[in-house]
Amino acid sequence: MKLPITMIVNGETWPLDVEPNEVLLDVIRNRVGAKGAKIGCERGDCGTCTVLFDGRSIRSCLMLAVEADGHEIITVEGIPENGVLSNLQDLFISHNSFQCGFCAPGIVLGAHELLRDNPNPSRHDVQHALAGNLCRCTGYEPILDAVMAAAEEARS
Amino acid sequence: MAIAHQFAYQKVATLDEAVEAITRAGPDARILAGGTDLVPWLRDDAIHPDLVVDIKAIDGLNTISLEGDHIFLGPLVTFSDLLTSDLVHDHLPILFEMADTVASPGIRNRATVIGNICSAVPSCDAGPTLLVLDTSVAVLGPAGARTVPIEEWFLGPHKTALAGGEIVTGLSIPIPPPPHGAIYLKLQRYQGEDLSQAGVTVLVTGDNDFRVAFGAVGPIPARAHAVEETLNGRELTDELIAAAVGLVPGAISPITDMRATKEYRARICEVMLERGLPAAVARRDGTGPAYGTRLI
Ligand SMILES: Cc1cc2nc3c(=O)[nH]c(=O)nc-3n(C[C@@H](O)[C@@H](O)[C@H](O)COP(=O)(O)OP(=O)(O)OC[C@H]3O[C@@H](n4cnc5c(N)ncnc54)[C@H](O)[C@@H]3O)c2cc1C
Ligand code: FES
Ligand code: FES
């Protein structure tokens, strides 16, 4: 039986009817059209489906869409302000942090959360925070470099 | 891949309503907390509930509170909540150290401590630590409320003392009298997001009362009482550590799986106890590594 829910995705209100067995990731991509959240492992292991749920990173492949009723979701599309990429995103570009970019949405959101909660992270803190985000292309170093650079610029 | 199984979803406003709903629906109803176990099981077609009862709309279930000489954890307390709680830092930093080893932020922000022990996977990280702390599990069911000592909680892989229609309403954790020291050692295949290959929590009090529990090396996380009896009341010396380590094979029953062989697990448990005992004592005495420092 379909259930009516309302969720806010990237600032826009979305009233939807969802089946109890619909997964949030699929609804965000196929019905809201925010394709930034990627379908990877679909079992919580890779992090590429990450979204911010009421401001905190979660795996949207591990949530039912009905659970999002009344909650606020930010996907990677919601990080730029007025169409301008965040400083963190610019630094990911200038550090060549990504190659195929499949992991990028999850890493952008995970790093965004980290820098918000801990503006002064050590390299180990960044590794620890992004430990659940798999990247098969880059070896992680240019990703860590960019996050450290973003923290440093925010401090200066 | 979508979830193929169809089920009804109900959001409840009180714990009594949750009990009523799952009692009425029978054994094929499930409580939904963080969903980090439940949703993968649904997707894998491993469980087939008729009804999923979401408790996240109930107010106040994510409280961590100090009640006399106990810390109380509500059913929606997540591993992330343990990491940021001042009460946990001040009174039971071992819970912080344990939570810090669980998965990664995207999971920890959702996964509840109580869901972890309800799933009762042999490698569950909360198990050994709640065991050494002599935690009481508060349960509510159709017949009313009862309390289950954590040592009677785990019955087998995915099996707990929870009876039909019952839910867990909280954990009551006695704070060991200060000074106490504790350590959780978790071996993973890599530093990052991985389930435990073997885990041990050691707790020591001011009068050298030792408590030791292992995880991921038997069907359930379990206290090592023979090890504790050898240690209790004695000053920790190299000879005493060797005697305790000698009892490890009798305290565990590891198996071989994709994460490790049983031989490796058995050996590493000895190493972890050898390192864990002096570290717990050093923490008690104020000279140990900060909580959260990995010794393995
Ligand atoms: C990628 C990934 C990595 C992980 N890494 C780790 C790890 O490193 N260490 C570790 O220990 N675990 C790990 N886990 C598992 C861990 O996330 C879960 O065990 C979690 O703690 C379960 O809590 P939950 O709130 O998500 O429970 P749910 O998935 O909502 O529920 C789990 C089970 O408990 C029952 N339940 C929940 N709450 C109650 C209640 N109050 N009363 C009665 N029944 C209840 C549910 O009905 C269900 O059967 C990992 C999981 C994933 C997906
Ligand atoms: S798709 Fe969700 S964690 Fe991999
Ligand atoms: S850039 Fe390809 S997976 Fe990370």
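The values are calculated or read from the model by the stated rules, or taken from the named source; none is laboratory data. This is a predicted model, so every value here is computed, not measured. Here the Cβ positions follow ideal geometry from the backbone for every residue, glycine too, while neighbour counts run over all protein chains shown. For the accessible areas, the whole protein counts, side chains as well, though only heavy atoms, and no ligand, DNA or RNA atoms are used. Shrake-Rupley method; radii C 1.70, N 1.55, O 1.52, S 1.80 Å.
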Next on the checklist: Please list, ordered by chain and number, the residues whose modelled amide H lies under 5 Å from the amide H of B:SER253; skip anything fewer than 5 residues away on the same chain.
Outcome noted: B:GLY218
Checklist outcome for this item: Diffing the stretch A:147-156: the Karplus 3J(HN,Hα) column from phi (6.51, -1.76, 1.60, θ = phi - 60°), in whole Hz with x for Gly and Pro, holds 5, 4, 5, 5, 5, 5, 5, 5, 7, 8
Next on the checklist: In whole Hz and in residue order, list the ³J(HN,Hα) couplings for the stretch A:86-100 that follow from phi through the Karplus curve 6.51 cos²θ - 1.76 cosθ + 1.60, θ = phi - 60°; x for Gly and Pro.
Outcome noted: 6, 4, 4, 5, 4, 6, 4, 5, 5, 8, 6, 5, 10, 10, 6
Checklist outcome for this item: So, relative contact order of the stretch B:17-125 in percent, Cα under 8 Å, 6 or more apart, is 24 percent
Item to check | Under 16 Å from B:LYS11, Cα to Cα: lysines that are on another chain or at least 8 residues apart | outcome: A:LYS2, B:LYS56
Next on the checklist: Give the lysines reachable from B:LYS186 as a straight Cα distance under 18 Å; neighbours fewer than 8 places away on the same chain don't count.
Outcome noted: B:LYS262
Next on the checklist: Only bridges whose two residues both fall in the stretch B:1-131 count here: according to DSSP, what percent of them are antiparallel, nearest 5?
Outcome noted: 40 percent
Checklist outcome for this item: B:ASP207 and B:ASP28 label points (each 7 Å along its Cα→Cβ direction) are spaced in nm at 5.5 nm
Item to check | Rounded to 10°, Cα long-axis angle of helix B:262-284 versus longest principal axis of chain B | outcome: 70 degrees
Checklist entry - B plus A alone minus the pair: what accessible area, both sides summed, probe 1.4 Å, in Å² to 100? => result 2400 Å²
Checklist outcome for this item: Of the accessible area of the protein assembly as shown, computed with a 1.4 Å probe and all protein chains kept, carbon and sulfur make up a percent value of 53 percent
Checklist entry - What residues have an amide H closer than 5 Å to that of B:GLY170, excluding those fewer than 5 places away on the same chain, when H is modeled at 1.01 Å from N in the peptide plane? => result B:ALA138
Checklist outcome for this item: Rounded to a whole number, the Stokes-Einstein D of the stretch B:164-274 in µm²/s (Kirkwood radius over Cα pairs; 10 °C; 1.306 mPa s) is 104 µm²/s
Checklist outcome for this item: Nearest-0.05 FRET efficiency for B:ASP134 and A:ARG136 at R0 = 51 Å, using Cβ-Cβ distance, is 0.70
Next on the checklist: At 1.4 Å probe radius, can you tell me the per residue accessible area of the stretch B:135-203 in Å²?
Outcome noted: 38 Å²
Checklist outcome for this item: Label model pair B:ASP69, A:LYS2: point-to-point distance (7 angstrom along the Cα→beta-carbon line) in nm is 5.9 nm
Checklist entry - If you place +1 on the Cβ of every Lys and Arg and -1 on the Cβ of every Asp and Glu, how big does the dipole about the Cα centre of the protein assembly as shown come out, in debye to the nearest 20? => result 880 debye
Checklist outcome for this item: chain B -> Rg/Rh from Cα coords, Kirkwood Rh, value 0.97
Checklist entry - By how many degrees, 0 to 90 and rounded to 10, does the Cα axis of helix A:104-117 deviate from the longest principal axis of chain A? => result 70 degrees
Checklist entry - Add -39500 (n - 2.57) for each DSSP H run of 4 or more in the protein assembly as shown, then divide by its residues: what number comes out at 222 nm, to the nearest 500 deg cm²/dmol? => result -9000 deg cm²/dmol
Checklist outcome for this item: Per the rule of 0.36 nm per residue minus the C-alpha distance, extending A:SER94 to A:ARG123 adds in nm 8.6 nm
Checklist outcome for this item: Per the Kirkwood formula over distinct C-alpha pairs, the hydrodynamic radius of the protein assembly as shown in angstrom is 23.0 Å
Checklist outcome for this item: antiparallel share of DSSP beta bridges within the protein assembly as shown, to nearest 5, in %, is 85 percent
Item to check | Antiparallel bridge percentage (DSSP; both residues within chain B; nearest 5) | outcome: 85 percent
Item to check | Estimated distance in nm for a label pair at A:LEU85 and B:HIS89, the labels positioned 7 Å out from Cα along Cα-to-Cβ | outcome: 3.5 nm
Item to check | For residues of A:36-45, the mean tally of beta carbons on other chains within 10 Å | outcome: 3
Next on the checklist: I need the calculated FRET efficiency for the pair A:CYS41 and B:ALA161, taking r as the beta carbon distance and R₀ as 30 Å, to the nearest 0.05.
Outcome noted: 0.35
Checklist entry - What size of dipole, in debye to the nearest 20, comes out for the stretch B:179-249 about its Cα centre when the only charges are +1 on Lys and Arg C-beta atoms and -1 on Asp and Glu C-beta atoms? => result 260 debye
Next on the checklist: Counting heavy atoms of the protein chains only and a 1.4 Å probe, report the per residue accessible area for the stretch B:17-123 as a whole number of Å².
Outcome noted: 35 Å²
Checklist entry - Considering amide H positions built from the backbone, and no H for Pro or chain starts, which residues 5 or more places from B:ASP54, or on another chain, come under 5 Å of its amide H? => result B:GLN10, B:LYS11, B:VAL12, B:LEU32
Next on the checklist: Projecting each Cα onto the charge dipole of the protein assembly as shown (Lys/Arg +1, Asp/Glu -1 at the beta carbon, about the Cα centre), which of B:PRO179, B:THR256, A:GLY55 comes out farthest on the positive side?
Outcome noted: B:THR256
Checklist entry - Which value, in debye to the nearest 20, describes the size of the charge dipole of chain B about its Cα centre when Lys and Arg Cβ atoms bear +1, Asp and Glu Cβ atoms bear -1, and nothing else is charged? => result 660 debye
Item to check | Semi-axes of the equivalent ellipsoid for the stretch A:1-142, Cα gyration tensor, largest first, Å | outcome: 27, 16, 13
Checklist outcome for this item: Here the whole-number average of other chain Cβ atoms within 10 Å per Cβ of A:23-30 is 1
Item to check | Span per principal axis, largest first, for the Cα atoms of the stretch A:63-111 (Å) | outcome: 39, 24, 15
Checklist entry - Under the Kirkwood approximation applied to all pairs of distinct alpha-carbon atoms, what is the hydrodynamic radius of the stretch B:33-158 in Å? => result 15.4 Å
